[in-house]
1. Just the accessible area per residue of the chain, please: how many Å² with a 1.4 Å probe?
2. Taking the chain, how much of its Cα-Cα pair set, in percent, is spaced more than 19 angstrom apart?
3. Any idea what the relative contact order of the chain is, in percent, if you count C-alpha pairs under 8 Å spaced at least 6 apart?
4. Post the alpha-carbon centroid distance, the range 44-80 to the range 115-137, in whole angstrom.
5. Could you pull out the longest piece of the chain with no exposed loop trypsin sites (Lys or Arg not before Pro) in it, calling a site exposed if DSSP puts it outside H, G, I, E, B and it has at most 15 other Cβ atoms within 10 Å?
6. Could you please state how large a percent of the accessible area of the range 70-116 is carbon and sulfur, counting protein chains only and using a 1.4 Å probe?
7. Under 24 Å between alpha carbons, and skipping anything fewer than 8 positions from K7 in its own chain: which lysines qualify?
8. In the neighborhood of G90, defined by Cβ-to-Cβ distances under 14 Å, what is the net charge if each Lys or Arg adds +1 and each Asp or Glu adds -1?
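The values are calculated or read from the model by the stated rules, or taken from the named source; none is laboratory data. Nothing here was measured: the structure is a model prediction, and the numbers come from that model. Please note: Cβ atoms are built from the backbone with ideal geometry, for glycine as well, and neighbour counts cover all protein chains shown. Each accessible area value is taken on the protein alone, full model and side chains, heavy atoms only, with ligands, DNA and RNA left out. Shrake-Rupley method; radii C 1.70, N 1.55, O 1.52, S 1.80 Å.
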Amino acid sequence: GIGVDQKFLPTLFGGLSLSYRDMSVPVTAAGPTLSDFRVDWTETLGRAYMYWAPHKWFGLNAEYQYEKIDRDMEFTASVKDMTTHRLPLGASFYHPSGFSAMVKTTYFNQKGTFLLPGVPDSPENYVNGSDTFWLCDASISYRLPERYGMIIVGVKNLFDQSFKYYDTNPFNPAIQLDRMFFAKINLSI
């Protein structure tokens, strides 16, 4: 992997990063007997970003994220190959009293070859699929006096957009399938 961060002006920052992984993944297959073997997987991740603070109370950001995975048909974890493009665009407001607000909208474009749900894992059960959609997230927060913590209230997938999306980390999903309201308290003691 490689990355670079740059300060262009006192209030303008940007950066690029690129990583590539060529993996030999160990797999244990159940059957009449257990068998161990390895499969080849590759992953390419890229990111470009720009942050701008036109005023001490406002911040704007834009990113481009690229993800490409290619997996051996012997063990795919439900996706043979996939390319995902994300374009998050955000705006933030920070008031000196401790109140702040954030809104972020993200464009997603994903296509790949996926295993049909609920069917055996065999080459004939893989289909090409794709989806393109926008999601919007928003939150408001209050910074406690003396920086003792934050209180945050927000919503993910604000407009309850439906979509087809394969998340490479289903145990820690990057996006919400349905509208989700949340509240969070962070304390620094």
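1. Values: 12490 Å² over 189 residues.
It amounts to 66 Å² per residue over the chain.
2. 71
3. Computed over the chain, the figure is 12 percent.
4. Taking the Cα centre of the range 115-137 as reference, the centre of the range 44-80 is 20 Å away.
5. 57-163
6. 64
7. K56, K104
8. Spelling it out: positives minus negatives among the neighbours equals +1.
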